[in-house]
Amino acid sequence: MVFWKRLFSNSETLTSSPNKVEGELLELTDDSLGQSRIVFSTERDIDLYELEELCDAVGWARRPLRKVKKALEFSFLVVTMWEVKGNRQRLVGFARATSDHAFNATIWDVVVHPTFQKKGLGKALMKYTIKKLRSDDISNITLFADPQVVDFYRQLGFVLDPEGIKGMFWYPR
């Protein structure tokens with residue numbers, strides 16, 4: 001069972017120091033995880049190998065690290081979710097968004113480590129990401145979802161094909 005002591009309102013801010021992540025704190029108590037602190041951060045210093053391990057844990061296909069690095073550099077928003085236990089921290093969630101910096105943003109690469117799934121943390125990660133985009137006055141937020149997670153995003157307020165708009169894709173042959 002998950003108990004959240006703080007969730008984005010009056011949340012504690014952790015400051016950066018050696019072995020610490022700067023960000024907003026979410027206290028999590030879960031019998032299977034023990035006492036953990038979950039920290040959401042928008043700092044961009046991400047170890048690409050740690051991100052690759054997270055993506056491997058959920059079965060995503062590997063992507064060239066040079067391209068992942070470039071995608072991170074050109075993202076409008078990068079959100080990471082960290083488990084902090086004592087002096088140890090590990091990346092357990094990630095999302096990023098691209099944007100025109102005015103009206104629109106698209107969320108990409110939402111991932112939560114399997115150990116932390118089904119505990120409300122994916123929902124918390126998405127709400128945090130949306131909150132950050134809305135704080136930059138972004139009004140139109142889109143994403144692409146695999147069929148098995150469409151219902152998850154529906155619960156967060158996303159809808160399929162609003163106003164009958166049909167997305168189109170071009171892929172190299």
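Within the range 143-155, does at least one residue satisfy the condition of being free of Cβ contacts under 8 Å to residues at least 40 places away in the same chain and either farther than 25 Å from residue 59 by Cα or touching a strand residue (DSSP E or B) at 6+ places or on another chain (Cβ under 6 Å) (or both)? Within the range 143-155 (the criterion being free of Cβ contacts under 8 Å to residues at least 40 places away in the same chain and either farther than 25 Å from residue 59 by Cα or touching a strand residue (DSSP E or B) at 6+ places or on another chain (Cβ under 6 Å) (or both)), the answer is yes, since at least one residue qualifies. Scanning the range 137-161 for residues that are touching a Leu at 6+ places or on another chain (Cβ under 8 Å), within 12 Å of residue 97 (Cβ to Cβ) and in a loop (DSSP other than H, G, I, E, B) yields a count of 0.
A single member of 80, 98 is within 16 Å of residue 51 (Cα to Cα), surrounded by 13 or more Cβ atoms within 10 Å (Cβ to Cβ) and hydroxyl-bearing (Ser, Thr, Tyr), and it is 80.
Restricted to strands (runs of 3 or more DSSP E) entirely inside the range 1-108, those with at least 1 residues that are at pLDDT below 95 and of a type in the set (A, V, I, L, M, F, W, C) are 23-30, 34-41, 77-85. Against the condition under 19 Å from residue 46 (Cβ atoms), buried (at least 19 other Cβ atoms within 10 Å of the Cβ) and in contact with a helix residue (DSSP H, G or I) (Cβ under 8 Å, 6 or more places away or on another chain), how does residue 110 come out, does it pass? Yes; evaluated as a whole, the condition is true for this residue.
For the condition under 14 Å from the mean Cα position of the chain (by Cα) and among the aliphatic types (A, V, I, L, M), what is the one hit in 138, 130? Can you show your working first?
On the way: 138 fails: under 14 Å from the mean Cα position of the chain (by Cα).
On inspection, the qualifying residue turns out to be 130.
Here residue 135 clears all of (1) crowded, with 17+ Cβ neighbours inside 10 Å; (2) closer than 20 Å to residue 39 by Cα except the condition numbered (1).
The values are calculated or read from the model by the stated rules, or taken from the named source; none is laboratory data. Since this is a predicted model, take the numbers as computed values, not measurements. No Cβ is skipped: glycine too gets one built from the backbone with ideal geometry, and neighbour counts run over all protein chains shown.
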